[in-house]
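In what follows, a single structure is set out as structure tokens and then discussed.
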């Protein structure tokens, strides 16, 4: 505990794997002193919890998550699909949740915006092709955390040193606060994510829409968890990213599928993925794309093998 | 942040490190001097900086230096000074490299994958999917991916456990071990670090550049003004001044205190609003000074109307062409087509940035280490600019980490380094960062082409092209003019316009104008064939009089993938496949003044030429050309130094047809000289015939130490196209090269992603000097064409003119997972008038690729893309129509 108190009391920005922060040091979005968290004890392990779930330390790497969470296929697939092997080897789950937006304006020192301490959003009148498909606040950059999106579908709880535990949804808020990418307090340290036990026979699928095959931030992404009991969908969870300033869970889509037959009309449910979304002028294309990605993950989570029409394995 | 003393095991040796570097890559390169590790993107995207941390590959540009404490670090140097790892050997044997700048990063990732794979899957061969996923954190701008994939598969299968024979590329060992030295790796004692102050305005008069505070900052030795006499900046990011300081950190600190006073001028930031927009160039002198993105002859002189330059018109009965097209449109002729095609600006973004180390000595000599495609030309340009005798200037470029046209002229890094070195009286190195590289380090201009064409079936009856180039402050897009060189001699009007804006300039990029030309015309030809229900290759064959390309059409038509391709848009599933074809031609340039010196040294031959190697294989071409004349002899090649005999610029596909004949000429001269020395009767490739039999060359050489000759490139049979025209040593030869691409794509109609699955690339460039290297360059040309077709797009902010795609995350070049399977077919006849029988291929091999992708997408889906890149959103929008 002392180590956490010492870290929290040290002036500076917290650093874990550094894969986001090092880039921000170069682009001028982090200039002050740094406090390394990598020495903090007990945070680099995945441990079982008494109820059959797992506790994932904040310093567990994305690579570990992809490899060691076979009971959580949707989460493991999400972790395996992001960034590159070199990044996944050192990037931490805590850092992934708390990373800053990849908005090209935010990362360019020539611009100022509400997120970098200034006013307004230059993307609104500029190039916002990669912006949100649901305009919720002053910032139009989608949230970058794919893992945060996946965790939303698990009722995961994050443990915090220096503050109360909270849900992942509470960690991110509703997306109306354009000044920050998460709602963790200044000197709070995210220490772990606690997952409930997997569902019996649960299946998962993850997909991202990109231009290139690998290593590209998604235009939109989606994850689905489904369990089927006696010919009925007994649990279904759908999360999406690239859509809003925070990761979203699509309760509306879920409710259309729940208790239905697994060979029921998926497209009608997927069509509800964009209900109520307010795209920007340049992101209307994301609406059909989002419906398509949701349809794809639902289909794959229900039919099982991660294969495309041509039989080739999908990333 | 002070790191404090750390204990790190570096390449097997325990070290105590005390360094204030923030990231591991700075510690490794600057602190430890281990320059095999390269810094390219600084964002974990390209993998050039990959090292092993406790045996696992990580990106050292993002790794905090503190993360090394208590751990084992292995850099490429740690794998051994000779290529000992099976993957290194495999990379050499499969030629999985060109410029070599990304190679150490690939070697580190691939060696780690190899070791793990062999431990877990002994005897097994990983599939393409597995190796591309493992290497997905790496980018190679030359596009040597095919060789890399084959190398990793072969090494994992145990095919390279023993040293292989000599690699196809002579400098491969230096590149796979990280010992090849690039300009960014060169340091000299007392060297200062230079940085460039850039404009924060798109258009402004600069009233004041205050360098006093910067000069007073600790460690700062010099500050110079770089702005022209009109004291005007015309794009966001334009160089204004430069400073030199003892360390990169002190230079950065000083940069922040340079005060620039601007008076804003209204800026033209949008080509579509250029009419009535603020004028970029207000007088003749300014227009004359506008940079150009053209290659070869300078852009034709023409007039200006505000920001619109042109048209520069080339016509063959142009008025008749327009009359025919108007009449055909009027009567709705089924052979008439009108369409608009757009291309995006494509950045060169060679992985080694522009860099110059200038050392201007008190004795008047000026030595430059520069990442340049033209050591000899740069020497002359520098001498002219600073009024020096060319003999006082020495330009060195031992290895060049890619260029693609962006390093042919004198660039800002060189100007700044020379000025700073003169001012400081010390050597100064200026290295552009990735953002600078992507802002004004080079791009192909964007274009809009209004295409109109008419056919009666048998031939192209009439053609009109109006192209509007979008090269920011630069001119010379020269697209429509290329319509003069193909598909018969029917009437045509070809007009090129440039629309200048207050955006960063373009410069020549691999086949300038050719790729946008093909994107429009080759899709037009395809569309007409489609409407006529005719095979697009058969139609081209009828229209195209080029005999060399006819040979390519014949081979392409016989490909099973072409013969079995079926009707357009016949698929119904989510993933739809299609096959498209496109053709191109390109000019044959050469440097007729090229000379190669050849001398006997230590029983071996040493060839010298003031050429350079940016990855295309100049060393290997010279070694091969000489070696063919001297069986059994080892040939050393010294290039990359302007002190050598005159050599060509590596641009305009002119390198090989310039250096290879000169090398052969030198070898023949030397053979004759040696024959006389030993009193032989004749000389052949095997040796000298004497009365007592044939004396083999290795033995003859031991008796002729120091013999020296210089071979000259000489003329082509029948002379050159324009006999008396030599532009900065460049000549235009007779004949045009040809290419035909047959491309298969798969379109994901659900998510809008287009993948190129297979490309057949037929090239008619005559005799191939070094087949494996030529194939590698052709494969890379295809991959750059795929990037142009599907991903690459330079974007700027419409309000400020700032380039937004200023990192390799936002500016997307093809990765290894996007590599199609590529067959390269060489048709080697038709260039018998050229000494050696072959010409260059780097440009003609890339020009038609994007158009073949567009035609394949049309064949797959029935939707014809007209705007590049073919992004997912455009695909979905197009399919929804």
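The values are calculated or read from the model by the stated rules, or taken from the named source; none is laboratory data. From a predicted model like this one, the values you see are computed outputs, not experimental measurements. Cβ atoms come from the backbone with ideal geometry, glycine included; neighbour counts cover every protein chain shown.
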Practice problem: Working only within region B:116-159, note down all residues that are part of a loop (DSSP other than H, G, I, E, B), out of contact with any strand residue (DSSP E or B) (no Cβ under 9 Å at 6 or more places or on another chain) and under 28 Å from residue B:402 (Cα atoms). | Solution: B:135, B:136, B:139, B:140, B:141, B:142, B:143, B:144
Exercise. Using the structure shown, decide if residue B:146 is within 30 Å of residue B:510 (Cβ to Cβ) and free of Cβ contacts under 8 Å to residues at least 24 places away in the same chain.
Key: no
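Among the candidates B:483, B:488, B:471, single out the residue that is surrounded by 24 or more Cβ atoms within 10 Å (Cβ to Cβ), touching a strand residue (DSSP E or B) at 6+ places or on another chain (Cβ under 7 Å) and more than 15 Å from residue B:847 (Cβ to Cβ).
Details: B:483 fails: more than 15 Å from residue B:847 (Cβ to Cβ); B:488 fails: surrounded by 24 or more Cβ atoms within 10 Å (Cβ to Cβ).
After ruling out the rest, the residue left standing is B:471.
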Exercise. Confirm whether residue B:167 is over 26 Å from residue B:771 (Cβ atoms) and modelled with pLDDT of 95 or more.
Key: no
Quiz item: Where residues in region B:851-881 are within 12 Å of chain A (Cβ to nearest Cβ) and free of Cβ contacts under 8 Å to residues at least 24 places away in the same chain, which of them is farthest from residue B:449 (Cα to Cα)?
Solution: B:880
Quiz item: Among B:644, B:652, which is the only one that is within 22 Å of the chain's Cα centre (by Cα), within 24 Å of residue B:399 (Cβ to Cβ) and surrounded by 15 or more Cβ atoms within 10 Å (Cβ to Cβ)?
Solution: B:652
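Within region A:276-286, restricting attention to residues that are within 10 Å of chain B (Cβ to nearest Cβ) and surrounded by fewer than 19 Cβ atoms within 10 Å (Cβ to Cβ), which residue is nearest to residue A:266 (Cα to Cα)? Reasoning before the result, please.
First pass over region A:276-286, keeping only residues within 10 Å of chain B (Cβ to nearest Cβ): A:282-286.
Retained after the next criterion (residues that are surrounded by fewer than 19 Cβ atoms within 10 Å (Cβ to Cβ)): A:282, A:284.
Details: A:282: 28, A:284: 22 Å.
The qualifying residue nearest to residue A:266 (Cα to Cα) is A:284.
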Practice problem: Could you check, for region B:743-756, whether at least one of its residues is surrounded by fewer than 17 Cβ atoms within 10 Å (Cβ to Cβ) and touching a residue at least 60 places away in the same chain (Cβ under 8 Å)? | Solution: no
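Could you say whether any residue in region B:571-586 is under 20 Å from residue B:659 (Cβ atoms) and in contact (Cβ under 8 Å) with a residue 24 or more places away in the chain?
Within region B:571-586, the first condition is being under 20 Å from residue B:659 (Cβ atoms), and the residues that meet it are B:586.
Next cut, in contact (Cβ under 8 Å) with a residue 24 or more places away in the chain only: B:586.
The answer is yes, given that some residue of region B:571-586 is under 20 Å from residue B:659 (Cβ atoms) and in contact (Cβ under 8 Å) with a residue 24 or more places away in the chain.
Of the residues B:821, B:828, which is in contact with a strand residue (DSSP E or B) (Cβ under 7 Å, 6 or more places away or on another chain), more than 10 Å from every other protein chain (Cβ to nearest Cβ) and within 22 Å of residue B:102 (Cα to Cα)?
Details: B:828 fails: within 22 Å of residue B:102 (Cα to Cα).
Exactly one of B:821, B:828 is in contact with a strand residue (DSSP E or B) (Cβ under 7 Å, 6 or more places away or on another chain), more than 10 Å from every other protein chain (Cβ to nearest Cβ) and within 22 Å of residue B:102 (Cα to Cα), namely B:821.
Would you pick out the residues in region A:146-161 that are in a loop (DSSP other than H, G, I, E, B) and modelled with pLDDT of 95 or more? Outline the logic, then answer.
First, the residues of region A:146-161 that are in a loop (DSSP other than H, G, I, E, B): A:153-156.
Listed by number, the residues that qualify are A:153, A:154, A:156.
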Self-check item: Of residues in region A:226-254 being modelled with pLDDT under 95 and in a loop (DSSP other than H, G, I, E, B), the one surrounded by the most Cβ atoms within 10 Å (Cβ to Cβ)
Solution: A:231
Practice problem: Select the helices (runs of 4 or more DSSP H) contained entirely in region A:1-75, then report the ones holding at least 1 residues which are at pLDDT 95 or above, within 14 Å of chain B (Cβ to nearest Cβ) and farther than 17 Å from residue A:88 by Cα. | Solution: A:21-26
Practice problem: Could you check how many residues of region A:287-304 are more than 8 Å from chain B (Cβ to nearest Cβ) and surrounded by fewer than 24 Cβ atoms within 10 Å (Cβ to Cβ)? | Solution: 7
Quiz item: Can you tell me which residues in region A:167-204 are outside any loop (DSSP other than H, G, I, E, B) and within 14 Å of residue A:58 (Cβ to Cβ)?
Solution: A:168, A:171, A:189, A:190, A:191, A:192, A:193, A:194, A:195
Quiz item: Restricting the search to region B:700-715, which residues are modelled with pLDDT of 95 or more and surrounded by 14 or more Cβ atoms within 10 Å (Cβ to Cβ)?
Solution: B:700, B:701, B:704, B:707, B:708, B:709, B:710, B:711, B:712, B:713
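Working carefully through the options A:173, A:137, find the one that is surrounded by fewer than 24 Cβ atoms within 10 Å (Cβ to Cβ) and at pLDDT below 95.
On the way: A:173 fails: at pLDDT below 95.
The match here is A:137.
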Exercise. Quickly run through region B:388-404 and pick out the residues that are within 19 Å of residue B:36 (Cα to Cα) and in a loop (DSSP other than H, G, I, E, B).
Key: B:397, B:398, B:400, B:401, B:402
Quiz prompt | Flag for residue B:70 being surrounded by 23 or more Cβ atoms within 10 Å (Cβ to Cβ), part of a loop (DSSP other than H, G, I, E, B) and within 13 Å of another protein chain (Cβ to nearest Cβ) | solution = no
Quiz item: Looking at this structure, is residue B:115 at pLDDT 95 or above, surrounded by fewer than 24 Cβ atoms within 10 Å (Cβ to Cβ) and under 26 Å from residue A:27 (Cα atoms)?
Solution: no
Quiz prompt | Lone unmet requirement of (1) on the phi > 0 side of the Ramachandran plot; (2) modelled with pLDDT of 95 or more for residue B:760 | solution = (1)
Quiz item: Of all residues in region B:788-802, how many are crowded, with 24+ Cβ neighbours inside 10 Å and more than 7 Å from chain A (Cβ to nearest Cβ)?
Solution: 6
